[in-house]
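One structure below.
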Amino acid sequence: MPRSNTKKSKNCRKTDVQEGGSKMTIAVFGKKNCGICDAAKDKLNKMGLDYEAHELAEYTTHHDGWRDDDSAGLLASYLMMDKLPIIRINEKYHDYPGAMKRLKKELAGVKN
């Protein structure tokens, strides 16, 4: 599994956002020197959400383990959306605006 450059968010408080009774998992797939990818990660930090950051290229090139790490799903999402970053929330892929809308809605539900 291509996880050599996987980075977890740093210095962000842990917010337990629940979806259907289980904690949400968030992953950001982007490229180096991608301003909007960095903006997405900054926004997640400001929202207090923990996430993992991945290099998209590690998942969209041929590698052992591609059947196990959902590379095909990520590549299909990238080709359909045609923009970065791609944000996975509990195994569903979103573009940046769609992910932020969903997360804000989830956070609003937590505060109520």
| Residue list for the range 34-57, filter: buried (at least 18 other Cβ atoms within 10 Å of the Cβ) and assigned to a helix (DSSP H, G or I) | Cys37, Ala40, Lys41, Leu44
| message | Cβ-Cβ under 7 Å, sequence separation 6+ or interchain: first residue in the range 72-92 and at positive phi, partner modelled with pLDDT of 75 or more. Which pairs? | response | Asn90/Met24; Asn90/Thr25
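The values are calculated or read from the model by the stated rules, or taken from the named source; none is laboratory data. The model shown is predicted, which means the values in this text are computed figures rather than measured ones. Counting neighbours? That spans all protein chains shown, and the Cβs are built from the backbone with ideal geometry, glycine included.
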